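See structure below.
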Amino acid sequence: MRRDQKEPDQRRSARVDPGPGRGGSGGVLFDAVLLDRDGTLVEDVPYNGDPDKVRPLPGAREALDRLRAAGLRLAVVTNQSGLARGCFTAGQLDRVHARVEELLGPFDSWHVCPHDDDAGCDCRKPAPGLVHAAAARLGTTPQRCVVVGDIGRDMAAALAAGAHGVLVPTPVTRPEEVAAAPCVRPTLPAAVEEILRRQAAVAPGAPRAAGTVLVVRSDSAGDVLVTGPGIRAVAAHARRVVLLCGPRGRAAAELLPGVDEIVEWPLEWIDPDPGPVDADRTHRLVQRLAAVGADEAVIFTSFHQSPLPLALLLRLAGVPRIAAISDDYPGSLLDVRHRVPAGVPEPERALSLAAAAGHALPGGDQPRLRLRRDAVPAPPPQLDRPGYVVLHPGSTATARACPPELAARIVRALAGAGHRVVVTGGPGESELTARVAAAGGVDLGGRTGLAELAGIIAGASALVVGNTGPAHLAAALDVPVVSLFAPTVPYGQWGPYRVPTVRLGDAGAACRDTRAATCPVPGHPCLAGIDPGAVLDALRLLGVRAGTPADPTGAPRRDGDPDGTRRGAAGAADRVAVPAGGVWSGR
Ligand SMILES: [Zn+2]
């Protein structure tokens with residue numbers, strides 16, 4: 001690490017400022033695994049109060065021991081409404097749990113919701129209370145936890161807390177729950193394998209000090225934002241970081257910590273609307289790349305993009321060391337050829353490439369999206385206080401945008417419930433936002449660049465948005481997201497990363513995994529069927545209340561915003577405190 005020897009410029013020191021250290025003994029990504037009980041650890045015997053009926057699922061003991069050996073802490077998070085219904089006593093439940101530990105080994109913490117659905121408690125999954133409580137008890141944050149469960153409620157609780165989720169379906173798991181899950185594995189041992197694989201993929205190897213590193217992420221703003229953690233990892237080891245991006249990603253690149261210089265150049269093999277390849281222009285690109293004087297290059301891509309054309313140009317520009325993910329045979333184009341299975345969250349995909357290149361994210365920098373604090377302006381004066389809900393109806397890809405009629409109905413429902421609603425949109429979307437905001441919101445459409453939009457989102461208590469760039473801004477600002485997620489791309493890969501989220505929309509719709517930019521199904525049914533009432537329910541699940549005055553002491557402490565990006569812009573929002581409930585049995 002040579003950063004302490006030389007700070008290339010002052011902008012840089014404002015950009016790379018790791019947050020507080022990660023607690024505990026876990027790896028880069030995770031400290032703890034929170035497991036559902038019935039159907040996940042043991043066979044589901046309805047309302048079981050009898051220790052003799054406890055039957056572990058196949059391979060559970062060995063799988064849990066692998067997690068323990070890897071230094072991950074374990075907790076059980078389980079709904080047991082049988083208590084509220086009088087099906088068994090607390091003493092019987094304790095004996096059942098003692099038997100579970102006898103068969104499966106010790107858990108660091110047990111968290112039980114004793115209520116039934118009518119109680120309206122904060123702990124019964126899909127509410128996130130048990131996940132918050134377990135993370136707190138284990139000395140970590142939900143973002144550093146993985147929840148493993150067998151039904152949609154487990155995944156919803158995980159996402160609403162900002163945790164990761166792995167679904168292990170059973171024959172009773174509904175197909176729509178499987179379709180909506182961020183990650184699915186067939187068995188508990190397979191889920192554990194996936195957790196350990198993801199953890200290992202971003203783990204530090206031998207650190208590699210570097211001089212000037214050229215990092216590359218072409219494509220749009222969202223792509224650049226999700227690459228941020230990987231770029232910060234490189235920046236932690238490099239003297240100077242130059243980012244090559246395309247015109248669609250330039251504004252996002254300006255927001256990223258760790259970038260010293262930006263080179264903007266559209267790449268014909270990446271751009272969704274490419275011009276013809278031109279020999280003279282390509283020659284000029286090689287010259288421009290040579291002028292960077294890079295000691296190495298790290299080419300970040302999505303799974304459907306090839307790094308090889310650029311790798312060839314970088315070779316021609318004389319870059320001696322090149323790292324990229326490539327399934328295609330790279331010949332001598334790459335020095336570090338990295339492979340990543342499909343479905344990995346994009347930020348982890350980038351982090352794993354950085355790690356393979358010798359640049360793991362250092363301790364103290366959480367593996368979440370972040371923005372430069374000095375690049376996010378305060379919200380405009382008409383938003384006089386934080387705590388509004390932002391609805392962003394547009395998208396560069398219409399297949400991933402909220403249908404305008406639905407957006408207007410959502411605005412009406414939110415305003416009717418007492419929320420202050422702000423409607424945002426990019427240049428060229430003023431007509432759309434005016435139409436949507438007419439239903440009861442403040443229209444800021446067309447008046448914001450990406451940085452100004454970040455400033456507005458920073459003051460929000462939640463963002464309602466499709467699968468598009470602003471969702472990643474919210475994740476970087478630690479603002480909860482109601483994700484109207486068109487399933488044209490996998491949620492586990494492109495969903496808001498490590499931020500409290502509720503996913504809405506039909507995950508099994510016909511457009512699933514088509515990667516379509518324009519919805520191939522008449523009527524855009526994956527999103528058009530969303531009930532505005534479900535958005536209100538989602539906000540409740542996220543702890544966002546209408547009209548509650550900001551409480552600076554009551555905001556949940558997540559691992560987000562270590563650098564105070566939100567405080568500068570807004571302060572605490574209309575969000576209730578983390579529910580303390582749910583720790584019914586704290587063995
Ligand atoms: Zn409860």
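The values are calculated or read from the model by the stated rules, or taken from the named source; none is laboratory data. Please read these numbers as outputs of a predicted model, since none were measured by experiment. All Cβ positions, even for glycine, are placed from backbone atoms using ideal geometry, and neighbour counts span all protein chains on display. Side chains are part of the model used for accessible areas, which takes the heavy atoms of the whole protein and leaves out ligands, DNA and RNA. Shrake-Rupley method; radii C 1.70, N 1.55, O 1.52, S 1.80 Å.
For this structure, a couple of remarks:
- The slack between Ala69 and Ser332, meaning 0.36 nm per residue of separation minus the straight C-alpha distance, is 90.8 nm.
- By accessible area, using a 1.4 Å probe on protein heavy atoms only, the chain has 53% of its surface on carbon and sulfur.
- Distance cut-off 47 Å, percentage of C-alpha pairs in the chain lying past it: 12
- Computed FRET value (nearest 0.05) for Ala510 with Asp44, which takes r as the C-beta separation and R₀ as 41 Å: 0.80
- Spin-label pair Val172/Thr282, simplified geometry with 7 Å Cα→Cβ offset, distance in nm: 6.0
- Computed FRET value (nearest 0.05) for Val263 with Thr398, which takes r as the C-beta separation and R₀ as 35 Å: 0.70
- Contact order, relative form, for segment 227-287: 29 percent (alpha carbon pairs under 8 Å, 6 or more residues apart, mean separation divided by residue count).
- Under the Karplus curve 6.51 cos²θ - 1.76 cosθ + 1.60, θ = phi - 60°, whole-Hz ³J(HN,Hα) for segment 122-136, x wherever Gly or Pro sits: 8, 10, 5, 4, x, 5, x, x, 5, 5, 4, 5, 5, 4, 4
- The equivalent ellipsoid of segment 378-494 has semi-axes of 19, 16, 14 Å, largest first, where each one is the square root of 5 times an eigenvalue of the Cα gyration tensor.
- Fraction of C-alpha pairs exceeding 16 angstrom in segment 109-198: 53 percent, rounded to a whole number.
- Near Arg420, the amide H atoms lying under 5 Å from its own belong to Val389, Gly547; only residues 5 or more places off or on other chains count, and H is placed 1.01 Å from N.
- Beta bridges per DSSP with both ends in the chain, % antiparallel, nearest 5: 5
- Disulfide-incompatible cysteines by the Cβ rule (no partner under 4.7 Å) in the chain: Cys87, Cys121, Cys145, Cys183, Cys245, Cys402, Cys511, Cys519, Cys526
- Per residue solvent-accessible surface (Å²) - segment 108-228, probe of 1.4 Å: 30
- Label point distance in nm, Arg339-Ala209, each placed 7 Å from Cα along Cα→Cβ: 3.4
- Farthest toward positive dipole pole in the chain [+1 Lys/Arg, -1 Asp/Glu at C-beta], among Ala397, Gly120, Leu196: Leu196
- Charge dipole (Cα centre; +1 on Lys/Arg Cβ, -1 on Asp/Glu Cβ; no other charges) of the chain amounts to roughly 1020 debye.
- Using the average count of surrounding beta-carbon atoms within 10 Å as a protection proxy, the listed peptides 312-320, 434-442 rank, highest first, as 434-442, 312-320.
- Mean silhouette area of segment 303-403, derived from the convex hull of its C-alpha atoms and averaged over all directions, reads 10.9 nm².
- Database remark: amide H of Val481 closer than 5 angstrom to the amide H of Leu463, Thr501, Val502 (H placed geometrically; neighbours at sequence offset of 5 or more, or on other chains; Pro and chain starts carry no H).
- Here's the picture: charge each Lys and Arg Cβ at +1 and each Asp and Glu Cβ at -1 in segment 130-259, and of Val184, Ala210, Gly258 the one pushed furthest to the positive end of that dipole is Ala210.
- Positive-end residue of Ala134, Gly49, Val482, charge dipole of the chain with Cβ unit charges: Ala134
- Cα-projected label distance for Asp118 with Ala179, points at 7 Å along beta-carbon direction, nm: 3.3
- Remark on Leu244: its backbone amide H falls under 5 Å from those of Val215, Val216, Arg217, Val263, a criterion applied only to residues 5 or more positions apart or on other chains, H modelled at 1.01 Å from N.
- Whole-Hz ³J(HN,Hα) from phi, Karplus 6.51 cos²θ - 1.76 cosθ + 1.60, for segment 467-475, glycine and proline x: 7, 7, x, x, 4, 6, 4, 4, 4
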